[in-house]
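Visitor: One structure follows; several queries about it will come next.
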Amino acid sequence: MKRIAFHHIGMNEITQTGRTSMTTTLQDTSADASAPASGPGLRVTDSAAARIAHLIATEPGAGAFRVSVNGGGCSGFQYEFGFAGAPGPDDAVIRQGAAVVLVDEVSAPFLEQAEIDWVDDLIGSSFKIRNPNARSSCGCGISFSV
């Protein structure tokens, strides 16, 4: 699986650095979702689905976009995104339009009832995770605690 590192680079500017990385901001918020999308556990908004479909289409060999939770970061856990050629045997598969999102079985409980959105506003473009399981998140917007 190819992994992507996310961080903020500037107002409404997203660039792709190399074949497997994209720069943007990942933020965590516990606000309720306004428009649920499809999928077991993790919901994907229409905006996120469109961005994910675009990323998959432009990444050689990518058949899906993986969202996972790993130990680390300032608060104990952090979100991680990457590309995969195909789902693994223990992956939950969320399909919305041309977007295919994978969540592994270890990450699934942390993402239950969470929502991933693509937000384009004055301070930049980013994926935003609204996660009701996160009790707190770090100021960096990448890590959270449960």
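Visitor: Would you confirm whether or not region 59-67 contains a residue that is in contact (Cβ under 8 Å) with a residue 40 or more places away in the chain and among the aromatic types (F, W, Y)?
Guide: The answer is no, given that none of the residues of region 59-67 is in contact (Cβ under 8 Å) with a residue 40 or more places away in the chain and among the aromatic types (F, W, Y).
Visitor: Same structure again: Of all residues in region 39-66, which are touching a helix residue (DSSP H, G or I) at 6+ places or on another chain (Cβ under 9 Å) and at pLDDT below 95?
Guide: First pass over region 39-66, keeping only residues touching a helix residue (DSSP H, G or I) at 6+ places or on another chain (Cβ under 9 Å): 40-42, 44, 62-65.
Within region 39-66, P40, G41, L42 qualify.
Visitor: Could you please find all residues in region 98-129 being more than 14 Å from H54 (Cβ to Cβ) and β-branched (V, I, T)?
Guide: V103, V106, I116, V119, I123, I129, listed by residue number.
The values are calculated or read from the model by the stated rules, or taken from the named source; none is laboratory data. Since we're looking at a predicted model, the values are computed, not measured. Cβ atoms come from the backbone with ideal geometry, glycine included; neighbour counts cover every protein chain shown.
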